[in-house]
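If you scroll down you'll find the structure; I have some questions about it.
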Amino acid sequence: CEIFLLENSDTLKQQQSSASASASISLSQNNNNYMMNGMGMSMLPGAGAGIVTADTVRYLRKHHMMDPSEYVAFLLEEGMEMGMDKDMQQVVDLDELLEMNQPEYYDPSTSVSASTGIGDINISTVSSGMTPYWSLVRKLVLWGSLEEAWAVLSRHSACKRSQMLIASGESSHVDRTVEEDAAAFELIRSLLLSAPIPGGINRDNDDGLANVRDDADDNNYRNDNNSDDDGEELLPGLPRDGYKNWDVDAEDPNVFDFNVHAILNLHTTWKTTIDDIIKTHASVRNLIRRIPMLNTCIFDVILKTKKCYMSEVDGGKNSDTWAERLSSELLYVRPQTVKEDMHIRATDHMKAVRRYVSADEDEDVSAVEEITVLIMKGNAGAVIGGLNSYGGGSSAALPATMTALQCNLLVDSGTIELTELSYDIESELMLSASSAILSSFAIQGHNKVGVRLAMRLLQPHIIPENHRVTACIADVLARHWPQTDAEVVSLLSSCKDSVSRGSRRMLDACDSLCFSRSLHYDRKGNGNGDYVYAGKSVHFLLRAIEQSSFFGSEMMNEDGSTNDLFPVAFSAFTSTICFRRLTSLCANTVQFVLDQISQCFEQEDLDITALAEPLKIARSIMDTVAEDEVYHLVSTDPCVSLLQHVMDVGINLATTNNVESARSIIECLKDRKSTDGSIIILAHPGLYGNLLTIAFDILEAEAKADLTPKISAFDLEGMQILMIRFTQYCSRDELYINQVSSS
């Protein structure tokens, strides 16, 4: 899919135009540009328009071919089933096989017990048969893993013997045959490691991550001496890094000027060199005469690729799959195959292999092959249909998500045109995947994890224009009860972008999340000292107000003015549940503090300890509001201002600062201009009685005090305000004012 479907159409046209003008063609992507947004997709513009052999080979090796250790285990297990009793044989893995003195002879299917350097091992009685060792060498060459093939070949007993004798420095005592073997093996090494084949000579970059694997990490069979400089020429005219010419860096300004004939000439030169060495080099000819499997497993695969294929009839478990056949053809016969012809070559190899597939397996194999061929033809619908039939439509979380993400990539690349469909398949699959995620994690008791994952999946699609996705995720969040503060913060962060774009549904969902967390702390604080949790409760109310302040911010003009088609109200937060909850909390706290102050004044002495609890709650609320980033939004609200002044009244009374207490009482009762220009009073009529009682007690305390001269805490203006409110309070029955009514 990444090779044959994901491409940039505009850049593709540019590439084709450039190719026509300069008679050149661009190749597949560079290893370092093999990923797109961490999803393993090509970043090369128009990569699918030219030769895609390098990418195809990497794909086939990664997904259709075994790891060498798994392949050897498969061969040895089959051999043990055909040979002696399993209990009489020692289980051998790849590392143990290569550590044998003569690994090329080991075959559990036809073997006798013999003593080797690592114990009693079964040695094949057939000296020239296709043993597991030679089967591995042949497969590695067939796959194009020539570096690994040499690493295995270097463990051959003849190669090890010649290397050890030459390395000992006793050249005068070395047999001439050993010297010829050493020279021949060195030539074979140079030929294999200089191969300019597409996809590289090892599997290091098959995953598309361009990772350099550690030699010690599950690849111990590699020879440490193979880590030569890529730029070194082992053979004249054949640089070791010649295979890199099949890859083009997407950031290279000359990406469209690459001439394919140069790398094809290098590829032809390499094959010609191999043929010449086999025919003219005496040491190589003699080595092949004594070890004919070198010809069968290496040179025939490279030079006579079409004739070397094995079917189940003649190869048994060594038979070649269609992927191996196609890969070897792209490596050694048709490296210049273009994308438009790839499905033809794949179909031919599938038909050739299918003749030997049993009737029971033919139906399943044919279905998978058909999907593969359709993708190679550029049929994007086959991708979605195939994923859907193989688990994407089963309501299982993982396959449903994979199907949705693959569809998203195809839509973003322009391969699938939503305007040509009668329905939005991308949204349908995304919603199906999110539903599968939610149900899957809910069954396991991890509902919060499911909500977060579904949110991340749908986040790029939560925009006001996409009503279905927005409504779905908003409904999920509105019914979700967050368990931790961090969960709320994470969900709010995910919603910020959609709220900024003017999604009222998402704003309501954020409001619900914050209200739920605030309510959690309200319930937790009952009986445990309310002031401890009052601040945390207010904090999440303010988070909802902060979220509402982002509402429609992306639809504002550069000068800060709003669009006439979408008038963003600066006071959008005033319609949220959390803002109303904040004002209600402030009003209730004001009533609670005033009631406590009034009860304290009924006693002869003011009980300071009785005021401690309500004042702690009020201070916790006000400190949280004052220190928050959205203080400027709520500071002018009457309930917030009223709580500040009532708290000052209580604190100043506790410290016997009657002058400041009187000033705060007047601030609560005097007329003031609101932000909209109207005249308001902070304290509603239901609080007049409490405030006037406190003012009267202050005046009475001053009258009883033996002070000279007599000084009143209330000035002339303050006394006028008190008398006006007292007159209104006395006529409350006529005005139908109830003392316990709320604003």
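The values are calculated or read from the model by the stated rules, or taken from the named source; none is laboratory data. Just so it is clear, the model here is predicted, and its values are computed rather than measured. Cβ atoms come from the backbone with ideal geometry, glycine included; neighbour counts cover every protein chain shown.
Which members of the range 457-478 meet the condition of being at pLDDT 90 or above and of a type in the set (D, E, K, R)?
Hit for the range 457-478 is Asp475, nothing else.
Oh, and also: Can you confirm whether Gln720 is at pLDDT 85 or above, within 60 Å of the chain's Cα centre (by Cα) and part of a helix (DSSP H, G or I)?
On the way: at pLDDT 85 or above: yes; within 60 Å of the chain's Cα centre (by Cα): no; part of a helix (DSSP H, G or I): yes.
In short, no.
Now for a separate question. Pairs under 8 Å by beta carbon, first residue in the same structural domain as Glu324 (by TED's automatic domain parsing) and closer than 17 Å to Asn205 by Cα in the range 145-156, partner of a type in the set (Ser, Thr, Tyr) and in a loop (DSSP other than H, G, I, E, B), six or more apart or different chains?
Glu148/Tyr221
A further question on this structure: Report, by residue number, each residue of the range 477-499 that is buried (at least 20 other Cβ atoms within 10 Å of the Cβ) and touching a residue at least 40 places away in the same chain (Cβ under 8 Å).
Within the range 477-499, the subset buried (at least 20 other Cβ atoms within 10 Å of the Cβ) is 477, 480, 482, 488, 491-492, 495, 498-499.
Across the range 477-499, the qualifying residues are Val488, Leu491, Leu492, Cys495, Val499.
In the range 322-345, which residues are closer than 17 Å to Val373 by Cβ and not charged (D, E, K, R)?
Trp322, Ala323, Leu326, Ser327, Leu330, Thr337, Val338, Met342, His343, Ile344
Assuming Thr656 fulfils every condition listed in (1) part of a helix (DSSP H, G or I); (2) within 22 Å of Gln599 (Cβ to Cβ); (3) of a type outside the set (Gly, Ala, Ser) apart from one, which condition is it?
Every condition holds for Thr656 apart from (1).
Sort through Ser434, Ser512 and tell me the only one that's small (Gly, Ala, Ser), without any contact (Cβ under 8 Å) to a residue 60 or more places away in the chain and part of a helix (DSSP H, G or I). Before the answer, list the steps.
On the way: Ser512 fails: without any contact (Cβ under 8 Å) to a residue 60 or more places away in the chain.
Within the list Ser434, Ser512, the selection yields Ser434.
Yes or no: Arg240 at pLDDT 70 or above, surrounded by 15 or more Cβ atoms within 10 Å (Cβ to Cβ) and of a type in the set (Lys, Arg)? Don't jump to the end; show me each part of the working.
Details: at pLDDT 70 or above: yes; surrounded by 15 or more Cβ atoms within 10 Å (Cβ to Cβ): yes; of a type in the set (Lys, Arg): yes.
Criteria met by Arg240.
Report yes if some residue within the range 693-706 is part of a loop (DSSP other than H, G, I, E, B), surrounded by fewer than 16 Cβ atoms within 10 Å (Cβ to Cβ) and at pLDDT below 90; otherwise report no. Break it down into steps so the answer makes sense when it comes.
Residues of the range 693-706 part of a loop (DSSP other than H, G, I, E, B): 705-706.
Still in the list and also surrounded by fewer than 16 Cβ atoms within 10 Å (Cβ to Cβ): 705-706.
With at pLDDT below 90 added as a condition, the list becomes 705-706.
Yes, the conditions are met somewhere in the range 693-706.
I would also like to ask the following. Within the range 454-476, track down each residue that is buried (at least 19 other Cβ atoms within 10 Å of the Cβ), farther than 15 Å from Thr401 by Cβ and of a type in the set (Gly, Ala, Ser).
Listed by number, the list holds a single entry, Ala474.
Quick check on the range 520-568: of everything there that is in a helix (DSSP H, G or I) and over 21 Å from Glu627 (Cα atoms), which residue is modelled with the lowest pLDDT? Quick ask: steps written out before the conclusion?
Here is the first cut: in the range 520-568, the residues in a helix (DSSP H, G or I) are 520-525, 530-549, 553-555.
Still in the list and also over 21 Å from Glu627 (Cα atoms): 520, 523-525, 553-555.
On the way: His520: 91, Arg523: 87, Lys524: 84, Gly525: 76, Ser553: 73, Glu554: 67, Met555: 60.
Among residues in the range 520-568 that are in a helix (DSSP H, G or I) and over 21 Å from Glu627 (Cα atoms), the one modelled with the lowest pLDDT is Met555.
Here's the yes/no breakdown for (1) under 23 Å from Gly525 (Cβ atoms); (2) in contact (Cβ under 8 Å) with a residue 60 or more places away in the chain:
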residue: Ser598; (1), (2): no, yes
residue: Leu611; (1), (2): yes, no
residue: Pro614; (1), (2): yes, no
residue: Ala618; (1), (2): yes, no
residue: Asp628; (1), (2): yes, yes
residue: Glu660; (1), (2): no, no
residue: Ser678; (1), (2): no, no
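When only residues in the range 340-376 that are in a helix (DSSP H, G or I), of a type in the set (Val, Ile, Thr) and under 15 Å from Trp322 (Cα atoms) count, which is modelled with the lowest pLDDT? Give the steps one after another, and end with the answer.
Filtering the range 340-376 for residues in a helix (DSSP H, G or I) gives 340-354, 359-376.
Applying the additional criterion that residues be of a type in the set (Val, Ile, Thr) yields 344, 347, 353, 365, 368, 371-373, 375.
Filter again for under 15 Å from Trp322 (Cα atoms), leaving 344, 347, 353, 365, 368, 371-373.
Details: Ile344: 88, Thr347: 86, Val353: 82, Val365: 59, Val368: 77, Ile371: 81, Thr372: 82, Val373: 83.
Across the range 340-376, the extreme among qualifying residues is Val365.
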